[in-house]
Amino acid sequence: MNAVLSEVFEAPGYSNALTIPGDELECFRRAISRQWLGAIQRAYPQHADQFEARGIARYHELAHLVDHSRLWNKSNRCLPQEDVQALKKLNFMTDLQQEFGEFSLSSVAYDNEIVEGQEEIYWRLVRPHQAGDVGPLHADKWFHEMLGLQGRAMGQNSYTLKVWTPIYCEPGKNGLLLVPNSHKRNWKHSTTLVNGVPKPVFEDQADPVLVPTPPGNMLIFPEETLHGGAVNQGNETRVSCEITLVFKHNPALMGAGQA
Ligand SMILES: O=C(O)CCC(=O)C(=O)O
Ligand SMILES: [Fe+2]
């Protein structure tokens with residue numbers, strides 16, 4: 001097993017060994033900023049120029065002008081398919097394939113709907129000092145199970161890895177919390193209904209660490225690894241992006257990758 005695979009599947013259950021190169025990170029920044037500004041222009045045309053001048057990393061300075069949670073529902077944060085297709089052609093995708101073998105991307109999934117034929121790359125905003133902008137610890141597998149995504153947004157026996165990528169991030173001050181070696185244990189959790197949609201509730205004790213990730217530094221982890229957003233202690237809005245790699249079978253069992 002190569003070094004990245006062994007970090008991801010053996011210990012500590014995640015890897016930040018791979019980084020999106022600067023010019024490719026710029027492609028992400030352009031696509032995300034374009035969609036961000038487009039949503040503001042549609043809902044608040046009178047404020048759009050101000051937001052454009054500040055830029056997405058300083059979004060929080062103007063966020064009081066908008067209804068934040070309503071504006072940023074997931075449909076406004078899933079990149080348009082033409083951007084997804086352009087991003088898929090970049091070298092970071094080839095790097096991922098070399099490490100893990102062949103995969104596809106998950107379909108766009110909303111709480112109550114899966115959009116077949118559309119591939120999902122979505123982003124999120126975490127404003128400084130806003131505890132409500134981050135969710136509790138979870139394993140992505142819990143979401144997949146509760147929403148019944150297996151066999152729908154992803155194949156029946158499929159296995160997934162998450163690629164969490166910081167787009168604007170201040171290492172050590174904001175980013176993703178992960179629980180080392182959490183992927184081989186069962187953690188107590190329950191289900192609650194939020195607007196009729198099942199969501200997992202973490203009911204256990206764990207010691208998460210904030211992995212310092214400069215922009216572009218991908219955090220790759222399996223669907224069993226416990227993780228959650230860190231409350232942003234920085235000065236900028238944290239912008240990050242999520243891609244779910246779907247494998248026909250668990251790559252760790254397949255001797256995957258050529259690296
Ligand atoms: O970015 C966050 O705060 C949470 C991300 C997450 O849960 C994920 O990437 O699966
Ligand atoms: Fe997650």
Cα centre as origin, Lys/Arg/Asp/Glu Cβ charges: the chain dipole, Debye: 360
Sorted by Cβ neighbour density within 10 Å, fewest at the top, the residues 178, 210: 210, 178
Cut-off 14 Å between beta-carbons: net charge of the residues surrounding residue 147, Lys and Arg +1, Asp and Glu -1: -2
Cα-Cα over 19 Å, subset of 141/162; 89/248; 141/184: 89/248
Per DSSP, loop GluC sites (Glu not before Pro) in segment 42-111 with at most 14 further Cβ within 10 Å: 102
Length added when fully stretched, residue 61-residue 42, from 0.36 nm per residue minus Cα-Cα: 4.9 nm
Tail beyond 26 Å, pair distance distribution of segment 87-228 (Cα, percent): 27
Rg(Cα) / (2.2 N^0.38 Å) computed for segment 1-91, rounded to two decimals: 1.41
Summed residue charge, Cβ within 13 Å of residue 8's Cβ, Lys/Arg positive, Asp/Glu negative: -3
Trypsin sites (Lys or Arg not before Pro) within segment 60-120, DSSP loop, no more than 14 other Cβ atoms inside 10 Å: 89
In range of the label at residue 253: residues from segment 96-122 whose backbone nitrogen is under 18 Å from the point 7 Å along Cα→Cβ: 100-104
Compactness relative to 2.2 N^0.38 Å, alpha carbon Rg of the chain: 0.98
Taking N as its residue count, the alpha carbon Rg of segment 150-259 over 2.2 N^0.38 Å: 1.19
Degrees, to the nearest 10: 22-43 long Cα axis against longest axis of the chain: 50
Among beta bridges that DSSP assigns inside the chain, antiparallel share in %, nearest 5: 95
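Coordinate-derived values only; no laboratory data. Everything numeric here is computed off the predicted structure, so don't read it as measured data. Please note: Cβ atoms are built from the backbone with ideal geometry, for glycine as well, and neighbour counts cover all protein chains shown.
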